[in-house]
Amino acid sequence: MEEVMKQLEDAAELERIAPKMIQAAAPNVVRNLKKNIHAAANRGYTTGELEKAVHSTKAKQNDYGYFAAVGVVGTDKKGIRNGEKLAYLEYGTSRQEPHPVMAKTVNESEATCLAKMQEVFNQEVGL
């Protein structure tokens, strides 16, 4: 019974711990997205600006729980939005075939992110 009570107390700590868990896992997603963009877009004419535009938000909470968004921000030196360039890369255009990087990034990042979040949780609750 004591163990169950401790787990319930730990669950109450989730409000404090969850943002730390998300913040610890986000750099892995950023790193994988940069790597996948580089691999998909590096065909001799890219400048690397899209890779450099990959960023993560701080952990936030909404009705569904805690999250951090990973994506691209800003515009390149020609004024083209990086989000637009990522969409062209992901879904293709009439002249360019698609090179999906988002799903690949999610799949590659899932296990590492879960492990990192579990590690932070264990540290915070003293396991």
### Query
Looking at 75, 93, which one is surrounded by 14 or more Cβ atoms within 10 Å (Cβ to Cβ) and more than 19 Å from the chain's Cα centre (by Cα)?
75
### Query
So residue 31 clears everything in (1) of a type in the set (D, E, K, R); (2) free of Cβ contacts under 8 Å to residues at least 60 places away in the same chain; (3) touching a helix residue (DSSP H, G or I) at 6+ places or on another chain (Cβ under 6 Å) except one condition, right? Which one?
(3)
### Query
Does residue 124 satisfy the condition of being part of a helix (DSSP H, G or I), out of contact with any strand residue (DSSP E or B) (no Cβ under 8 Å at 6 or more places or on another chain) and modelled with pLDDT of 90 or more?
no
### Task
Hey, could you check region 22-66 for residues that are part of a helix (DSSP H, G or I) and in contact with a Leu (Cβ under 7 Å, 6 or more places away or on another chain) and say which is nearest to residue 99 (Cα to Cα)?
40
### Message
Between a residue in region 51-80 that is more than 23 Å from residue 41 (Cβ to Cβ) and any residue that is exposed (fewer than 11 other Cβ atoms within 10 Å of the Cβ), which pairs come within a Cβ distance under 8 Å, given they are 6 or more apart or on different chains?
### Response
68/58
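The values are calculated or read from the model by the stated rules, or taken from the named source; none is laboratory data. Model, not experiment: these values are computed from the prediction. No Cβ is skipped: glycine too gets one built from the backbone with ideal geometry, and neighbour counts run over all protein chains shown.
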